[in-house]
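Visitor: Supplied in structure tokens, the structure appears directly below.
The values are calculated or read from the model by the stated rules, or taken from the named source; none is laboratory data. Predicted model, so just to flag it, every value in this text is computed and none were measured. Heads up, the Cβs are rebuilt from the backbone with ideal geometry, glycines too, and the neighbour counts pull from every protein chain shown. Remember, those area values only see protein heavy atoms, side chains included, never the ligands or the DNA or RNA. Shrake-Rupley method; radii C 1.70, N 1.55, O 1.52, S 1.80 Å.
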Amino acid sequence: MSDLEQAQELLDAAERDISALRGMDDAAVFADEIFGFHVQQAAEKLFKAWLASQGETYPLSHDLAVLSDMLSTGGADVVGFDGLVDYTRYAVRLRYAGADPGTCPLDRPQAIEQVEALLATVQRRLAAMEAG
């Protein structure tokens, strides 16, 4: 599979997570740890798609800081996506243990806006690569 094909598969999977997020606006129905998990998953897949589009091998890691740092080291401008790194904690631990009730509720519209901005960035990159 080419780097571009791998990147597109990851992007498609991230779009499914983002679609789910758009339907999770009711915190009484979808707990923060479920919403946060899908934000983390979408961001992870998009960071990995971006890395794949650069021909880089990404680690089998859920750590968004590691993926973001790899992109930054490679020259990518990821500054606008720093807020997504905080969702790493939802990858596994909070998904099973539940969120600390003392924490502030997630800002769902802001999270969706950030992950959609990342999606648009990766889509533009892949479209430019396909155009040649």
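Visitor: Would you check if ALA52 is outside any loop (DSSP other than H, G, I, E, B), open to solvent by less than 30 Å² (accessible area, probe 1.4 Å) and modelled with pLDDT of 90 or more?
Guide: yes
Visitor: Looking only at region 55-98, which residues are among the polar types (S, T, N, Q), under 13 Å from the mean Cα position of the chain (by Cα) and modelled with pLDDT under 95?
Guide: SER61, THR88
Visitor: Tell me, which residue of region 1-29 that is surrounded by 11 or more Cβ atoms within 10 Å (Cβ to Cβ) and in a loop (DSSP other than H, G, I, E, B) is modelled with the highest pLDDT?
Guide: My answer is MET24.
Visitor: If the Cβ limit is 7 Å and pairs must be 6+ apart or interchain, which residue in region 102-127 that is under 22 Å from ALA76 (Cβ atoms) and open to solvent by 30 Å² or more (accessible area, probe 1.4 Å) pairs with which residue that is of a type in the set (S, T, N, Q) and in a helix (DSSP H, G or I)?
Guide: That search, which allows pairs on different chains as well, returns ARG125/SER53.
Visitor: For region 38-81, name all the residues that are over 19 Å from ALA117 (Cα atoms) and either in contact (Cβ under 8 Å) with a residue 60 or more places away in the chain or among the acidic types (Asp, Glu) (or both).
Guide: GLU56, ASP63
Visitor: May I ask you to list the residues in region 55-70 that are in contact with a Lys or Arg (Cβ under 8 Å, 6 or more places away or on another chain) and open to solvent by less than 30 Å² (accessible area, probe 1.4 Å)?
Guide: Passing the criteria: only LEU67.
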